[in-house]
Amino acid sequence: MNILRPVPTGVEIKLPSERLVMSKTDATGGIVSASQSFVELSGYKEGELITSSHSLLKHPDMPKTIFKILWDRLNRGLPIKLIVKNLTKCGNHYWAFTSIEVKRDRDTKEIRNFIAYRTPIANHVKESIATLYRQIKEVEEKHSLEAGINFLHGYLDEKRLGYDDFMEKMENGANEKGFLSKLKNIF
Amino acid sequence: MTQRPTPTGKEIRLDSKKHIVSKTDTKGNILYANDYFTEVSGYNKSELIGTPHNILRHPDMPKAIFKLMWDSIKSNQNITAVVKNLAKSGDHYWIVTDFDIQKDPNTGAIKNYIAYRQAAPKKVVAVIEPLYKTLKEIEDKHDIEASFEYLTGYLQEKNMGYHQFIEELAKPTGMAAMFFEAMKKLF
């Protein structure tokens with residue numbers, strides 16, 4: 001659990017949109033393989049990434065709540081989508097819409113691997129998620145992880161959305177800015 | 001016991017398009033508050049989380065109304081109620097509340113309440129304020145039972161339940177109602 005992570009610089013780098021930004025881990029989150037663009041983006045050498053825990057890339061701004069939801073889901077063998085702020089080797093960061101799939105052993109049906117695919121997110125989505133994460137993080141720090149989870153659920157309840165619906169909305173977020181949606185907000 | 005601010009008598013004008021949203025457990029402890037909640041109440045999110053919702057209770061509010069509200073939502077009935085709330089500064093704001101009641105999908109037991117509040121229209125406050133003043137006076141001189149009885153009589157005379165009474169008061173009239181109905185048909 002003792003991972004020495006770089007100090008964040010606050011500098012954001014862009015996720016390439018035309019390349020496959022993929023990583024594959026074992027059932028405990030140890031990196032097994034990664035696409036070339038993922039390796040380049042991370043700033044680490046491939047050899048440094050392989051067998052390292054994926055949490056090497058965890059940015060300190062990320063709330064624990066999100067990873068709790070992530071692992072609860074993955075350990076049950078279910079896929080999940082999430083928005084992540086990752087930390088590179090030199091301390092820069094990138095935001096990614098991440099979609100994680102679960103691979104099982106064909107014979108034993110045991111969970112073998114998780115495969116994560118990343119795509120860039122729209123700026124306004126990033127801003128609203130960053131604000132939400134900041135709030136959850138603060139609640140976690142002043143209260144508890146449980147309070148952070150409750151806060152996120154309350155946020156989703158307010159929108160009358162489940163987590164997956166919310167992620168889907170964020171993924172399609174760029175289209176929600178038209179006149180019609182503004183007009184709808186009046187009612 | 002909750003330490004509440006001293007009322008200033010100053011009213012905070014609310015944005016009629018915005019909702020003040022919170023989620024509580026069955027005891028009324030706050031689990032989530034949205035941005036407009038913190039903006040209006042003057043408390044930040046970490047202060048609100050874990051605190052009983054009655055931190056916002058204005059001393060002018062009759063106990064009978066809260067009893068009515070709690071009796072209703074505890075029995076799984078939404079209620080539209082008009083409430084005068086106390087901000088951290090001691091200023092107050094009038095709201096109309098609406099609830100979502102969340103139940104455990106397995107046991108059916110109530111788990112959470114999500115409250116959506118909007119600015120109470122002036123014409124509603126004009127009728128409600130003197131009524132609450134009377135109820136409060138009765139409570140101070142006698143007890144909550146006496147004020148409850150008065151409220152029951154008041155509503156009986158109007159041939160309405162409290163919920164219906166508030167909805168009637170809040171109904172748009174005249175041009176506004178016509179516009180509202182016409183717009184609703186568009187969507």
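Under the condition of being modelled with pLDDT under 95 and of a type in the set (A, V, I, L, M, F, W, C), which residue from region A:1-20 is surrounded by the most Cβ atoms within 10 Å (Cβ to Cβ)?
This residue is A:Leu15.
Could you check, for region A:12-19, whether at least one of its residues is more than 25 Å from A:Gly173 (Cα to Cα) and assigned to a loop (DSSP other than H, G, I, E, B)? Let's see the steps before the verdict.
Let us first name the residues in region A:12-19 that are more than 25 Å from A:Gly173 (Cα to Cα), namely none.
For region A:12-19, residues more than 25 Å from A:Gly173 (Cα to Cα) and assigned to a loop (DSSP other than H, G, I, E, B): absent.
A:Leu78 passes all but one of (1) at pLDDT below 95; (2) assigned to a loop (DSSP other than H, G, I, E, B); (3) not small (Gly, Ala, Ser); which number fails?
Of everything listed in (1) at pLDDT below 95; (2) assigned to a loop (DSSP other than H, G, I, E, B); (3) not small (Gly, Ala, Ser), A:Leu78 misses just condition (1).
For the subset of region A:112-157 comprising residues that are small (Gly, Ala, Ser) and not in a helix (DSSP H, G or I), which member is nearest to the other protein chains (Cβ to nearest Cβ)? Quick ask: steps written out before the conclusion?
So in region A:112-157, the residues small (Gly, Ala, Ser) come out as A:116, A:122, A:128, A:130, A:144, A:147-148, A:154.
Now narrow it down to the ones that are not in a helix (DSSP H, G or I): A:116, A:122, A:144.
Values: A:Ala116: 29, A:Ala122: 20, A:Ser144: 9 Å.
Per the criteria, the residue is A:Ser144.
This table checks each residue for (1) surrounded by fewer than 16 Cβ atoms within 10 Å (Cβ to Cβ); (2) out of contact with any strand residue (DSSP E or B) (no Cβ under 8 Å at 6 or more places or on another chain); (3) of a type outside the set (Lys, Arg).
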{"residue": "B:Val21", "(1), (2), (3)": "no, no, yes"}
{"residue": "B:Thr24", "(1), (2), (3)": "no, no, yes"}
{"residue": "B:Lys27", "(1), (2), (3)": "yes, no, no"}
{"residue": "B:Leu31", "(1), (2), (3)": "no, no, yes"}
{"residue": "B:Phe37", "(1), (2), (3)": "no, no, yes"}
{"residue": "B:Ser41", "(1), (2), (3)": "no, no, yes"}
{"residue": "B:Leu48", "(1), (2), (3)": "no, no, yes"}
{"residue": "B:Lys63", "(1), (2), (3)": "yes, yes, no"}
{"residue": "B:Lys67", "(1), (2), (3)": "yes, yes, no"}
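Tell me the residue from B:Lys158, B:Lys133, B:Lys122 that is farther than 28 Å from B:Val40 by Cα and either basic (Lys, Arg) or within 14 Å of the chain's Cα centre (by Cα) (or both), please. Give the derivation first.
Numbers: B:Lys133 fails: farther than 28 Å from B:Val40 by Cα; B:Lys122 fails: farther than 28 Å from B:Val40 by Cα.
Testing whether each residue is farther than 28 Å from B:Val40 by Cα and either basic (Lys, Arg) or within 14 Å of the chain's Cα centre (by Cα) (or both) leaves just B:Lys158.
Of the residues in region B:129-155, how many are of a type in the set (Lys, Arg), open to solvent by 60 Å² or more (accessible area, probe 1.4 Å) and touching a residue at least 60 places away in the same chain (Cβ under 8 Å)?
Let us first name the residues in region B:129-155 that are of a type in the set (Lys, Arg), namely B:133, B:136, B:141.
Narrowing the set further to residues that are open to solvent by 60 Å² or more (accessible area, probe 1.4 Å) leaves B:133, B:141.
Checking which are touching a residue at least 60 places away in the same chain (Cβ under 8 Å) leaves us with B:133.
Within region B:129-155, residues that are of a type in the set (Lys, Arg), open to solvent by 60 Å² or more (accessible area, probe 1.4 Å) and touching a residue at least 60 places away in the same chain (Cβ under 8 Å) number 1.
List the helices (runs of 4 or more DSSP H) inside region B:17-134, counting only whole elements, that have at least 2 residues being over 22 Å from A:Glu158 (Cβ atoms).
Values: elements: B:35-41, B:45-48, B:63-74.
In region B:17-134, the matching helices (runs of 4 or more DSSP H) lie at B:63-74.
Given (1) out of contact with any Ser or Thr (no Cβ under 9 Å at 6 or more places or on another chain); (2) not in a loop (DSSP other than H, G, I, E, B), where does A:Pro60 come up short, assuming only one miss?
(2)
If the Cβ limit is 9 Å and pairs must be 6+ apart or interchain, which residue in region A:103-128 that is of a type in the set (Val, Ile, Thr) pairs with which residue that is open to solvent by less than 30 Å² (accessible area, probe 1.4 Å) and in a loop (DSSP other than H, G, I, E, B)?
Between residues of region A:103-128 that are of a type in the set (Val, Ile, Thr) and residues that are open to solvent by less than 30 Å² (accessible area, probe 1.4 Å) and in a loop (DSSP other than H, G, I, E, B), the close pairs are A:Ile111/A:Gly77; A:Thr119/A:Leu15; A:Ile121/A:Leu15.
Does region A:24-32 contain at least one residue that is open to solvent by 30 Å² or more (accessible area, probe 1.4 Å), of a type in the set (Val, Ile, Thr), touching an Asp or Glu at 6+ places or on another chain (Cβ under 9 Å) and at pLDDT 95 or above? Before you say what the answer is, go through the steps one by one.
Residues of region A:24-32 that are open to solvent by 30 Å² or more (accessible area, probe 1.4 Å), as a first pass: A:24, A:26-28, A:32.
Cutting the leftovers down to of a type in the set (Val, Ile, Thr) gives us A:28, A:32.
Restricting the remaining residues to those that are touching an Asp or Glu at 6+ places or on another chain (Cβ under 9 Å) gives A:32.
Okay, now just the ones that are also at pLDDT 95 or above, so A:32.
So far as region A:24-32 goes, yes, one or more of its residues are open to solvent by 30 Å² or more (accessible area, probe 1.4 Å), of a type in the set (Val, Ile, Thr), touching an Asp or Glu at 6+ places or on another chain (Cβ under 9 Å) and at pLDDT 95 or above.
Of the residues B:Ala126, B:Ala119, only one is away from chain A (no Cβ under 13 Å) and buried (at least 18 other Cβ atoms within 10 Å of the Cβ); which?
One residue alone meets the criteria, B:Ala119.
Just name the residue that is nearest to the other protein chains (Cβ to nearest Cβ) out of those in region B:1-19 that are of a type in the set (A, V, I, L, M, F, W, C) and surrounded by 15 or more Cβ atoms within 10 Å (Cβ to Cβ).
By that ranking, first place goes to B:Leu14.
The values are calculated or read from the model by the stated rules, or taken from the named source; none is laboratory data. Note that the structure is a prediction, hence the values are computed from the model and not measured. No Cβ is skipped: glycine too gets one built from the backbone with ideal geometry, and neighbour counts run over all protein chains shown. All accessible areas refer to the heavy atoms of the entire protein, side chains included, with ligands and DNA or RNA removed. Shrake-Rupley method; radii C 1.70, N 1.55, O 1.52, S 1.80 Å.
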